[in-house]
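The values are calculated or read from the model by the stated rules, or taken from the named source; none is laboratory data. This structure is a prediction, so every number in the text was calculated from the model and none was measured. As a convention, Cβ positions derive from the backbone with ideal geometry for all residues, glycine included, and neighbour counts pool all protein chains shown. In case anyone asks, the SASA skips ligands and DNA or RNA and just uses the protein heavy atoms, side chains included. Shrake-Rupley method; radii C 1.70, N 1.55, O 1.52, S 1.80 Å.
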Amino acid sequence: MARILVTDDEEGIREFIAEVLEDEGYDVEVAGDGEEAQGKLRRSGFSLVLTDLKMPRMDGMALVRWLRSEQPEVEIVVMTAHGSVDSAVEAMKLGVYDYLQKPLSSPAELRLIAERALERRRLRALREVVSEGVDETSLSFGAPAMRPVVAALDKVAVTDATVLLHGESGTGKEVAARALHAASRRRSGPFVAVNCAALSPTLLESELFGHEKGAFTGAAARRRGKIELAAGGTFFLDEIGELDLNLQAKLLRVLQEREFERVGGNQTLRAEVRWVAATNCDLQQMMREGRFREDLYHRLSVFPVHLPPLRERREDIVPLAERLLLRVAGDLGRPGLRLDPASHAALMNADWPGNVRELANTLERAAILADGDVVGSDVLFTLPGQTTSSVSSMGAGAVAPTNGSIVSLDETHSLTELERLAIIAALRRHDGNRRKAAEELGIGLRTLYDKIKRYSLN
């Protein structure tokens, strides 16, 4: 449900426009001049602003210039009964979506302009997703284990309920969050994602809430936070289990009151977002250990959804692999790459502890090694740093050589044994640094810890 701000000094006009847009399901607020509009924009987020040009105190062009400086993601439509070539040119140079003469020809024209302006905003957000390399792969290809998941997401998508996605690392939690957003009433708004494990607590606080100029060393200018930028859309908190306890308390307040302040500021802002969180942690165990707030957990898990691991949805593996290989082939400039039938069987029989992320890494590695257009099973599970002969001669706990050669899966070794050897080799290459080893292997850090414990590699 997109939020629209209508700014006009004539009450009859702004109320008429608001009524037309509200009938279309938009959340609409009104302002009588540029200063009032500016105040509303500072306190709350909007996807689209329709503004008159000639107004007291702050006119429309001043408001447009301020918006382009402070909130460049907002779409703008300018309306005036006093149009001129100069003002139209300036408005268009500032990126205004359209320039309308009053009186408007019909409510239908207004509805169409608003719809197209919001569509442009949505397409711009999609281009940003593509440029960031986010995987837009389908959530499922018909696996029975995924049917209740897809059904649950379809039901909750049309609400504004907070959703908690949980499952192993790499199971597609962000893909699920994006599917929720695309099926929601907020789909014309932005989808903003923040990984709670990617930043220190101090940086993450600024990333979430924004900061005022001078709030801390290096804060040379005001910066709007991701919650503010997500107004009218969906805010996705990934790896919520990694959130610092102090930040957990601050996030709880936002969820409860829908309000927050920038770091170093005292102006209260509205959080106009739909919340989706994700974790691969056992949050209930973390609560028992005092590492996760129980009140925050209950706020986040209004509608919990479990995403099964890839090994429990094997019907999805081959079609998913083919989709991922298309993307890999495009990136490598080899659009003809395809999997052979033997590869299908090998993919289906693998355990995929790193789930979709591990599958994607495996396919990219195999595509690089493949000589022709066919990715065969002979290169599918090869790993840099080992040889077949060295694997065959290694016993339990032995370390593979790191001379740049390759190990292949053969009849002598199971996938489980190959996985154990690959972990040993990765840990040795990174001098025991488990985070770097996990990144190389394409699995989550917690998954790697589980594997090290399972294979007694401590």
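Details
- Relative contact order, whole percent, for the chain stands at 13, derived from Cα pairs under 8 Å and 6 or more residues apart.
- When each of the peptides 296-306, 215-225 is scored by how many other beta carbons lie within 10 Å of its residues on average, the order from highest to lowest is 296-306, 215-225.
- Each peptide in 325-334, 227-236, 445-454, 3-12 was scored by the mean count of other Cβ atoms within 10 Å over its residues; highest first, the order is 227-236, 3-12, 445-454, 325-334.
- In the chain, the DSSP beta bridges split such that about 15 percent are antiparallel, to the nearest 5.
- Here the stretch 253-343 is treated with +1 on each Lys and Arg Cβ and -1 on each Asp and Glu Cβ, and its dipole about the Cα centre works out to around 140 debye.
- Rounded to two decimals, the Cα-based Rg/Rh of the stretch 107-260, with Kirkwood Rh, is 1.00.
- Compactness index (Cα Rg / 2.2 N^0.38 Å), the chain: 1.16
- If the convex hull is drawn through the Cα atoms of the stretch 1-47, its volume per residue in Å³: 50
- Extreme residue, positive dipole direction of the chain, given options ASN349, GLN101, GLY336 (C-beta unit charges): ASN349
- Dividing the Cα radius of gyration of the stretch 1-90 by 2.2 N^0.38 Å, with N the residue count, gives 1.00.
- Pairs from LYS93/LYS250; LYS155/LYS226; LYS40/LYS213; LYS40/LYS102; LYS226/LYS451; LYS40/LYS173 whose Cα-Cα separation, in the structure shown, is over 31 Å: LYS93/LYS250; LYS226/LYS451; LYS40/LYS173
- Peptide ranges 428-438, 111-121 listed from the most packed, as the mean C-beta count within 10 angstrom indicates: 111-121, 428-438
- Carbon and sulfur %, accessible surface of the chain computed with the full protein complex present, 1.4 Å: 49
- Expected 222 nm ellipticity per residue - DSSP helices of 4 or more, -39500 (n - 2.57), all of the chain, to 500: -14000 deg cm²/dmol
- If the chain linking ARG428 and ARG327 were pulled fully straight, counting 0.36 nm for each residue of separation and taking away their Cα-Cα distance, it would gain 33.2 nm.
- Hz values of 3J(HN,Hα) by residue in the stretch 42-53 - Karplus curve (6.51, -1.76, 1.60), Gly and Pro given as x: 6, 8, 8, x, 9, 8, 9, 10, 9, 9, 6, 8
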